[in-house]
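In what follows, a structure is listed as structure tokens, so that the remarks can point back to it.
The values are calculated or read from the model by the stated rules, or taken from the named source; none is laboratory data. Quantities reported herein were computed from a predicted structural model and do not represent experimental measurements. Here the Cβ positions follow ideal geometry from the backbone for every residue, glycine too, while neighbour counts run over all protein chains shown.
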Amino acid sequence: MLKKCMFGNGFFLYRMDSFQTALRTQDEGADTIVWLALQANSKLQSGALYFDRKIASKHLAGAGTEYTPDLVSTVVSKVHTLCGLPPKTRVN
């Protein structure tokens, strides 16, 4: 099954069924949560996404979830303009 997703002025398509193989049962999902809860903080990476007890990519290829600092800055600037707020200075 294809799902149409709007992005900017155009659109892109992605296959929903390709994500079905990435899904887990409740028990499989709970396994990583319990495993994480039992790990020492020193063994974990803050802010990481864990999947099947391993660090995984936070972005799905072709799903439009990746971003760059320049894109974030552009979006923030446009939101400030639309809301009549003063420009936000970029913090590196």
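Does the range 22-37 contain any residue that is modelled with pLDDT under 75, surrounded by fewer than 11 Cβ atoms within 10 Å (Cβ to Cβ) and touching a His at 6+ places or on another chain (Cβ under 9 Å)?
Looking through the range 22-37, none of the residues is modelled with pLDDT under 75, surrounded by fewer than 11 Cβ atoms within 10 Å (Cβ to Cβ) and touching a His at 6+ places or on another chain (Cβ under 9 Å).
Would you check if Ser42 is out of contact with any Gly (no Cβ under 6 Å at 6 or more places or on another chain) and at pLDDT 85 or above?
Working: out of contact with any Gly (no Cβ under 6 Å at 6 or more places or on another chain): yes; at pLDDT 85 or above: yes.
So Ser42 passes the test.
Residue selection: Ser57 fails the criterion of being hydroxyl-bearing (Ser, Thr, Tyr) and at pLDDT 90 or above.
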